[in-house]
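To keep things clear, I will list the structure first and then write my remarks on it.
We did not get these values from a lab; they are worked out from the coordinates using the rules stated. Being a predicted model, the structure only gives us computed values, none of them experimental. Ideal geometry is used to build each Cβ from the backbone, glycine not excepted, and the neighbour counts take in all protein chains shown.
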Amino acid sequence: MSGGKVLIVEDNPVNLRLAQFLLEKAGFTVAKATSGAECLAQLELDIPDVVLMDIQLPGEDGLSITRKIRATPRLAAVVVVALTAHAMAGDREKILAAGCDGYIPKPVDPGRLAGEVRRYLHQGRLKSA
């Protein structure tokens, strides 16, 4: 089953490889970025359907990058999902307030990642229709 285009923004190489492997196996086309700056550069080249955004990135954090994405009209329809270990009280609210459409907690559940991404992708398509 074909997925969509996903940009994974993750600075941990093990997490990045795992997410890429799981999503490609599920039929998604995957691009990668290891920092906020790389993410923004990648978005200049190609607009994915979903951005999986790590919150703790070197330099500018994932919430700041998400705010920049949301402030860019041509990227308004992109679904941004936080991929994060931040699970403390109030973190969900901060993540959503920054413009994320939702979040997937770390550690990633290998059996559920592709399904979660598909769910957010479907919600994004309904939102932009």
Output ³J(HN,Hα) for the range 27-40: one whole-Hz value per residue in order, computed from phi by the Karplus curve 6.51 cos²θ - 1.76 cosθ + 1.60 with θ = phi - 60°, and x for Gly and Pro. x, 7, 8, 10, 10, 10, 9, 10, 8, x, 4, 5, 4, 4
Taking K and R as +1 and D and E as -1, what net charge do the other residues with C-beta under 9 Å from the C-beta of Val81 add up to? -2
With x for Gly and Pro, the residue-by-residue ³J(HN,Hα) of the range 112-124, computed from phi through the Karplus equation 6.51 cos²θ - 1.76 cosθ + 1.60 at θ = phi - 60° and given in whole Hz, is 10, 4, 4, x, 5, 5, 4, 4, 5, 4, 5, 4, x
Two-site FRET efficiency, Arg67 against Lys5, from Cβ-Cβ distance with R₀ of 30 Å, rounded to 0.05: 0.85
Around Thr34, under 10 Å between beta carbons, what's the net of Lys plus Arg minus Asp minus Glu among the other residues? -3
Once you have a ≥ b ≥ c as the square roots of the Cα gyration tensor eigenvalues for the chain, tell me rounded if a/c is under 1.5, and otherwise prolate or oblate according to whether a/b is larger than b/c. rounded
Could the peptides 40-49, 67-76 be put in order, highest first, of the mean number of other beta-carbon atoms found within 10 Å of their residues? 40-49, 67-76
Check: the range 60-109 dipole with +1 on Lys, Arg Cβ and -1 on Asp, Glu Cβ, in debye: 200 debye
Given axes a ≥ b ≥ c from the Cα gyration tensor, I'd like to know whether the range 78-121 is rounded (a/c under 1.5), prolate (a/b larger than b/c) or oblate. oblate
Charge dipole (debye, nearest 20) of the chain; +1 at Cβ of Lys and Arg, -1 at Cβ of Asp and Glu: 400 debye
Give the long-range amide H neighbours of Val51: residues separated by 5 or more places, or on another chain, with amide H under 5 Å away, using H modelled in the peptide plane at 1.01 Å from N. Leu7, Val79, Val80, Val81
Show that you can apply the helix-only estimate: for the chain, add -39,500 (n - 2.57) for every DSSP H stretch of four or more residues, divide by all residues, and state [θ] at 222 nm to the nearest 500. -13000 deg cm²/dmol
